[in-house]
């Protein structure tokens, strides 16, 4: 007997179990994604984890490449001493590899952050400062870090924020978007 366990991103979502699995759902997850998951009960169940934007297991080859920098070669890459400059060169090498992977024009376009919240805040911050606007249009179902930063900008920095609703399929209405953009143009003339 085969079963699938779907782990959803909401803590309030029940686990969905399908048994036996339909023929169109033949999971072939990467072994690293199943190796230590507490819900896995081999050989009968495969876990399909649907919240990889929150956390993801490290692939074995990535873990292997990182091990030296988590043990023997640790340090502050921003420091001026030799220990740090060696690490800085390794980070720059990784930046070049990522730039090649995503076809960036330059490695300088690749920024490393500590996670999603910092990345979202940096993107919003850069967008509002490069465009000079004071109005943000977002959806009501954005990541909590986006919504929190928008509320902060609204409350403490005087920005106007329009929170667009979504339909049953999670899509915004183009009419609502056009209305929000038109309203912003009228506000800031």
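Nothing in this text is a laboratory measurement; each read-out follows from the coordinates by a stated rule. Predicted model, so just to flag it, every value in this text is computed and none were measured. A quick note on method: Cβ atoms are made from the backbone with ideal geometry, for glycine too, and the neighbour counts reach across all protein chains shown.
Looking only at residues in the range 114-128 that are within 12 Å of residue 145 (Cα to Cα) and surrounded by fewer than 14 Cβ atoms within 10 Å (Cβ to Cβ), the one that is nearest to the chain's Cα centre (by Cα) is 115. The residues listed here are 78, 89; of these, the one that is over 23 Å from residue 157 (Cβ atoms), out of contact with any strand residue (DSSP E or B) (no Cβ under 8 Å at 6 or more places or on another chain), without any contact (Cβ under 8 Å) to a residue 24 or more places away in the chain and part of a loop (DSSP other than H, G, I, E, B) is 78.
Among the residues of the range 143-150, are any under 23 Å from residue 56 (Cβ atoms) and surrounded by fewer than 13 Cβ atoms within 10 Å (Cβ to Cβ)? Checking the range 143-150: at least one residue is under 23 Å from residue 56 (Cβ atoms) and surrounded by fewer than 13 Cβ atoms within 10 Å (Cβ to Cβ).
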